[in-house]
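Taking it in order: structure first as structure tokens, then the write-up.
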Amino acid sequence: MENYKKSLKTKNFWMILIIIFIFAIYLILLINKKFIDEYDLGFSLGVFTGLSVEILFFITRNLLTLRNEDKLRRLYIKEHDERSLMIKQKTGSIGIQICMIGLGIASLVSIFFDKTVFYSLFAALFFIAIVKAILKIYYMKKF
């Protein structure tokens, strides 16, 4: 369990870095903005807020889990369950997750430069998220 505690702390560290990175990019682009309308500004703020809330949820869950041995054991079992691991492998979870984070950050940056690029990146992000959700549901029912 000590190794698992270390891995949860490492996950929290990386999630905090992602939030800081996204926030820094957003602030830099906001300070140096040229021409951006209110809709695009609000939309990018909504995407940033949504990502931040989701990441903060997982950080909070991990911190609460680290304080309770029973929750720690249950989360360990949930994350290391053979069925769950197989479903993650079948859906390419880690690679797709990295792509989704990259597309999310790129779409936040692109909104300050070109709307067409922004909508293209956001459509790609949305498509990948839908495919991932469909594959996850499919493999959960199959296995």
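For Gly50, only one of the following conditions fails: (1) in contact with a Leu (Cβ under 6 Å, 6 or more places away or on another chain); (2) free of Cβ contacts under 8 Å to residues at least 60 places away in the same chain. What is its number?
If we test Gly50 against (1) in contact with a Leu (Cβ under 6 Å, 6 or more places away or on another chain); (2) free of Cβ contacts under 8 Å to residues at least 60 places away in the same chain, just (1) comes out false.
Being free of Cβ contacts under 8 Å to residues at least 12 places away in the same chain, closer than 21 Å to Ala24 by Cβ and within 19 Å of the chain's Cα centre (by Cα) is the filter here; which residues of the range 98-123 pass it?
The answer is Ile98, Gly102, Ser110.
Taking the conditions exactly as written (hydroxyl-bearing (Ser, Thr, Tyr), closer than 20 Å to Tyr4 by Cα, part of a helix (DSSP H, G or I) and under 15 Å from the mean Cα position of the chain (by Cα)), does Thr65 satisfy them or not?
Details: hydroxyl-bearing (Ser, Thr, Tyr): yes; closer than 20 Å to Tyr4 by Cα: yes; part of a helix (DSSP H, G or I): yes; under 15 Å from the mean Cα position of the chain (by Cα): no.
When the stated conditions are applied, Thr65 does not pass them.
Could you check, for the range 82-104, whether at least one of its residues is over 28 Å from Phe13 (Cα atoms), of a type in the set (S, T, N, Q) and in a helix (DSSP H, G or I)?
First, pick out the residues of the range 82-104 that are over 28 Å from Phe13 (Cα atoms): none.
No.
Which of the numbered conditions does Glu82 fail, given that it passes all the others? Conditions: (1) acidic (Asp, Glu); (2) within 27 Å of Phe21 (Cα to Cα); (3) free of Cβ contacts under 8 Å to residues at least 40 places away in the same chain.
Unmet condition: (2).
Taking the conditions exactly as written (within 20 Å of the chain's Cα centre (by Cα), over 17 Å from Leu108 (Cβ atoms) and either at pLDDT below 85 or basic (Lys, Arg) (or both)), does Lys11 satisfy them or not?
On the way: within 20 Å of the chain's Cα centre (by Cα): yes; over 17 Å from Leu108 (Cβ atoms): yes; either at pLDDT below 85 or basic (Lys, Arg) (or both): yes.
Criteria met by Lys11.
Using the structure shown, decide if Phe126 is closer than 27 Å to Ile28 by Cα, touching a helix residue (DSSP H, G or I) at 6+ places or on another chain (Cβ under 7 Å), surrounded by 13 or more Cβ atoms within 10 Å (Cβ to Cβ) and at pLDDT 90 or above. Give the derivation first.
On the way: closer than 27 Å to Ile28 by Cα: yes; touching a helix residue (DSSP H, G or I) at 6+ places or on another chain (Cβ under 7 Å): no; surrounded by 13 or more Cβ atoms within 10 Å (Cβ to Cβ): yes; at pLDDT 90 or above: yes.
No.
Check the range 36-48 and report whether any residue there is of a type outside the set (D, E, K, R), part of a loop (DSSP other than H, G, I, E, B) and farther than 30 Å from Ile137 by Cα. Talk me through it step by step, then tell me what you get.
So in the range 36-48, the residues of a type outside the set (D, E, K, R) come out as 36, 39, 41-48.
Those left that are additionally part of a loop (DSSP other than H, G, I, E, B): 36.
This time we only want the ones that are farther than 30 Å from Ile137 by Cα, so: 36.
Yes; the residues of the range 36-48 include at least one that is of a type outside the set (D, E, K, R), part of a loop (DSSP other than H, G, I, E, B) and farther than 30 Å from Ile137 by Cα.
If only one of Phe58, Phe113 is in a helix (DSSP H, G or I) and either under 24 Å from Lys136 (Cα atoms) or open to solvent by 90 Å² or more (accessible area, probe 1.4 Å) (or both), which one is it?
Details: Phe113 fails: in a helix (DSSP H, G or I).
Result of the check over Phe58, Phe113: Phe58.
Checking Leu72 against (1) closer than 18 Å to Ser7 by Cα; (2) free of Cβ contacts under 8 Å to residues at least 12 places away in the same chain; (3) open to solvent by less than 70 Å² (accessible area, probe 1.4 Å), which single condition isn't satisfied?
(2)
The values are calculated or read from the model by the stated rules, or taken from the named source; none is laboratory data. Predicted model, so just to flag it, every value in this text is computed and none were measured. As a convention, Cβ positions derive from the backbone with ideal geometry for all residues, glycine included, and neighbour counts pool all protein chains shown. SASA here: full protein model, heavy atoms, side chains in, ligands and nucleic acids out. Shrake-Rupley method; radii C 1.70, N 1.55, O 1.52, S 1.80 Å.
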